[in-house]
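Asker: A single structure is presented below for examination.
The values are calculated or read from the model by the stated rules, or taken from the named source; none is laboratory data. Please read all numbers here as calculations on a predicted model, not as lab measurements. Backbone-built Cβ (ideal geometry, glycine too); neighbour counts: all protein chains shown.
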């Protein structure tokens with residue numbers, strides 16, 4: 001009798017449990033539909049301009065502003081072909097090269113100087129360290145445009161106008177406080193035991209930096225390089241101020257050049273070149289993607 | 001010769017905190033010295049000063065005949081094993097082991113030879129091409145020890161190397177490190193070792209001598225057996241040994257015949273003449289009476305009456321081969337280690353009841369209440 005009772009009870013509770021499980025699953029499913037709906041909608045909103053730009057570069061000029069559709073009615077490569085030629089004596093390839101002429105030194109100098117300065121801040125006792133650190137943070141908060149005029153005057157005195165030097169030379173002195181700060185935070189999160197072990201193993205400070213710190217900092221350093229690369233490629237104001245001859249124009253100025261012409265702008269050409277202009281950033285990002293994400297989170301979380 | 005001497009070594013931090021108060025210590029050539037103490041006793045700071053990772057605020061540290069106060073860590077002829085292994089995460093085990101030798105610009109063949117030799121000694125040869133993240137805790141610690149051996153230093157420093165391992169692994173690593181030290185010593189290689197730990201089992205089983213520290217002072221330096229048998233003060237008596245020594249207040253009473261007595265509230269225990277002679281206390285002085293749990297036994301019919309205390313059994317703890325019997329004697333707590341057979345025969349239902357226990361006074365210690373010094377040595 002008792003056994004029978006027990007089995008009835010357990011069968012009943014099994015039914016209850018089943019019901020409960022089903023209800024939970026249904027709730028979760030509805031939740032996830034809702035979540036995806038919101039995410040996809042937001043995604044479309046954010047990606048639409050980019051998709052529009054790319055699709056517009058395949059449209060003839062007259063179609064761009066007359067139709068909202070992303071699919072060109074008259075598909076044509078003209079935007080790319082004519083855009084590449086540009087209205088100047090140089091092709092767009094020249095402007096690409098020009099961009100790399102200052103972006104690459106800028107990235108390299110930033111990485112080297114920021115790493116050294118961050119290492120100094122994070123691991124050495126220096127007089128008035130707090131004051132210097134506060135100064136560093138203050139430079140992050142300072143709007144870049146405040147420095148434009150004094151910097152311009154300085155570089156004019158040094159005879160460096162219309163060259164790429166003013167664009168990358170300051171990077172040799174760890175002037176990008178944000179990157180230094182990011183690396184310091186990353187370093188602060190690392191235990192010092194490894195460095196002490198290396199010191200006992202016979203490292204001096206530079207060997208310590210080169211053999212131990214840099215390999216461990218690699219994700220953060222790659223993030224710094226990536227940020228600097230993307231920001232520099234997109235930089236408009238810097239080249240606008242210092243570069244005056246068209247033969248030295250980087251992409252950002254070249255795009256603006258096409259809009260400047262007095263006759264109606266060929267938007268399909270401009271948008272085609274703009275689409276090409278974002279390719280390097282995307283490629284570099286994809287290559288370094290894993291490190292980049294690891295670096296951003298590691299720097300943030302550990303700090 | 002690689003003896004290590006500390007002469008009046010002090011450490012004061014920039015905020016004015018004095019962590020180490022002028023310690024003197026000699027570690028003999030080839031000796032395994034364990035520094036032990038509770039956390040915050042400055043044992044690690046002392047080790048780090050010896051390693052050159054902390055500046056010395058005063059005094060002198062010598063390794064062999066050289067004063068090393070101002071020498072960089074790499075020039076001190078030391079190797080150190082850290083608590084969290086501190087392996088270089090981007091290098092393979094082989095590279096980790098050979099890194100110090102590479103910096104010393106040894107030839108590649110020689111580096112390989114030394115690395116293989118150390119790897120064999122520690123049985124990590126199959127791991128040589130792995131990265132540290134692919135190692136278990138025990139393996140990583142063996143690699144860390146290997147990194148120290150490879151350099152053939154004059155002094156080995158260990159900073160709580162086994163704290164991150166589980167109990168079983170810790171026991172086997174303990175044996176391994178001890179064996180390694182013996183082997184190095186037997187083969188006439190430099191083997192002077194300074195080993196910091198907070199674990200008294202490690203200290204007792206590994207050290208040739210133990211240096212017990214507290215709050216930046218050295219409490220006692222002696223062999224494990226002597227520390228256990230003849231603790232110099234209350235701190236050492238309490239720190240070494242588990243369960244710890246019983247320490248209860250008592251009144252010391254001198255008799256005219258040269259013998260003496262201890263009064264616990266209303267109970268008296270006699271101390272024979274020989275033992276009494278060694279006690280430097282005044283008549284009627286309140287002292288701390290210390291006795292290890294193994295020297296308290298159940299009284300039998302033959303037990304002399306004057307060595308019996310009566311107490312109430314408060315709690316029994318079964319340890320398998322023996323019981324810890326907690327007694328309440330004159331409102332103070334005593335712990336006795338009594339073999340299981342005896343407990344099962346006499347004490348199983350004794351909780352809350354009064355029992356007579358015999359104190360083996362020959363092995364007791366008397367401490368001064370103010371200075372906490374052992375006044376019965």
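Asker: So, in region A:186-207, of the ones that are outside any helix (DSSP H, G or I) and in contact with a helix residue (DSSP H, G or I) (Cβ under 9 Å, 6 or more places away or on another chain), which residue ends up nearest to the other protein chains (Cβ to nearest Cβ)?
Answerer: Pass one, region A:186-207, residues outside any helix (DSSP H, G or I): A:189-192, A:202-204.
Keeping just the survivors that are in contact with a helix residue (DSSP H, G or I) (Cβ under 9 Å, 6 or more places away or on another chain) gives A:189-190, A:192, A:202-204.
Numbers: A:189: 14, A:190: 10, A:192: 9, A:202: 4, A:203: 6, A:204: 8 Å.
It comes out as A:202.
Asker: Any residue in region B:317-328 that is at pLDDT 85 or above and closer than 20 Å to residue B:373 by Cβ? Walk me through it before giving the result.
Answerer: Pass one, region B:317-328, residues at pLDDT 85 or above: B:317-328.
Filter once more, so that each one left must be closer than 20 Å to residue B:373 by Cβ: none.
No - not one qualifying residue is present in region B:317-328.
Asker: Where in region B:10-112 are there strands (runs of 3 or more DSSP E), lying wholly inside it, with at least 1 residues that are closer than 20 Å to residue B:161 by Cα and within 13 Å of chain A (Cβ to nearest Cβ)?
Answerer: Because the criterion is at least 1 residues that are closer than 20 Å to residue B:161 by Cα and within 13 Å of chain A (Cβ to nearest Cβ), the strands (runs of 3 or more DSSP E) in region B:10-112 that meet it are B:78-81.
Asker: Residue A:164 is checked against (1) more than 10 Å from chain B (Cβ to nearest Cβ); (2) closer than 14 Å to residue A:113 by Cα and fails just one. What number does that condition carry?
Answerer: (2)
Asker: Still on this structure: Out of everything in region B:127-166 that is within 17 Å of residue A:202 (Cα to Cα) and assigned to a strand (DSSP E or B), what residue ends up being nearest to the chain's Cα centre (by Cα)?
Answerer: At the first step, the residues of region B:127-166 found to be within 17 Å of residue A:202 (Cα to Cα) are B:144-157.
Then drop every residue that is not assigned to a strand (DSSP E or B), which leaves B:155-157.
Values: B:155: 19, B:156: 18, B:157: 16 Å.
Per the criteria, the residue is B:157.
Asker: Same structure, new question: Just to check your reading of the model, which residue among A:199, A:230, A:160, A:194 is within 23 Å of the chain's Cα centre (by Cα) and either assigned by TED's automatic domain parsing to the domain that holds residue A:134 or within 30 Å of residue B:151 (Cα to Cα) (or both)? It would help to see each step written out before you state the result.
Answerer: Details: A:199 fails: within 23 Å of the chain's Cα centre (by Cα); A:160 fails: within 23 Å of the chain's Cα centre (by Cα); A:194 fails: within 23 Å of the chain's Cα centre (by Cα).
Testing whether each residue is within 23 Å of the chain's Cα centre (by Cα) and either assigned by TED's automatic domain parsing to the domain that holds residue A:134 or within 30 Å of residue B:151 (Cα to Cα) (or both) leaves just A:230.
Asker: Now for a separate question. With the checklist (1) assigned to a helix (DSSP H, G or I); (2) surrounded by fewer than 21 Cβ atoms within 10 Å (Cβ to Cβ); (3) within 14 Å of chain B (Cβ to nearest Cβ) in hand, flag the one item residue A:275 doesn't pass.
Answerer: It is condition (3) that residue A:275 fails.
Okay, residues lined up against (1) within 26 Å of residue B:43 (Cβ to Cβ); (2) within 14 Å of chain A (Cβ to nearest Cβ); (3) at pLDDT below 90:
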{"residue": "B:127", "(1), (2), (3)": "no, no, no"}
{"residue": "B:138", "(1), (2), (3)": "yes, no, yes"}
{"residue": "B:141", "(1), (2), (3)": "yes, yes, no"}
{"residue": "B:146", "(1), (2), (3)": "yes, yes, no"}
{"residue": "B:149", "(1), (2), (3)": "yes, yes, no"}
{"residue": "B:153", "(1), (2), (3)": "yes, yes, no"}
{"residue": "B:156", "(1), (2), (3)": "yes, yes, no"}
{"residue": "B:169", "(1), (2), (3)": "yes, no, yes"}
{"residue": "B:190", "(1), (2), (3)": "yes, no, yes"}
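Asker: Condition check: free of Cβ contacts under 8 Å to residues at least 24 places away in the same chain and either surrounded by 15 or more Cβ atoms within 10 Å (Cβ to Cβ) or closer than 18 Å to residue B:212 by Cβ (or both). Does residue B:54 satisfy that?
Answerer: On the way: free of Cβ contacts under 8 Å to residues at least 24 places away in the same chain: no; either surrounded by 15 or more Cβ atoms within 10 Å (Cβ to Cβ) or closer than 18 Å to residue B:212 by Cβ (or both): yes.
Here the answer is no, as residue B:54 does not meet what is asked.
Asker: Also, quick follow-up: Looking only at residues in region B:331-353 that are under 20 Å from residue B:250 (Cα atoms) and surrounded by fewer than 17 Cβ atoms within 10 Å (Cβ to Cβ), which one is farthest from the chain's Cα centre (by Cα)?
Answerer: Checked region B:331-353; the qualifying residue farthest from the chain's Cα centre (by Cα) is B:331.
Asker: Given A:232, A:244, which one is more than 14 Å from every other protein chain (Cβ to nearest Cβ), at pLDDT 90 or above and in a loop (DSSP other than H, G, I, E, B)?
Answerer: Of A:232, A:244, the one residue that is more than 14 Å from every other protein chain (Cβ to nearest Cβ), at pLDDT 90 or above and in a loop (DSSP other than H, G, I, E, B) is A:244.
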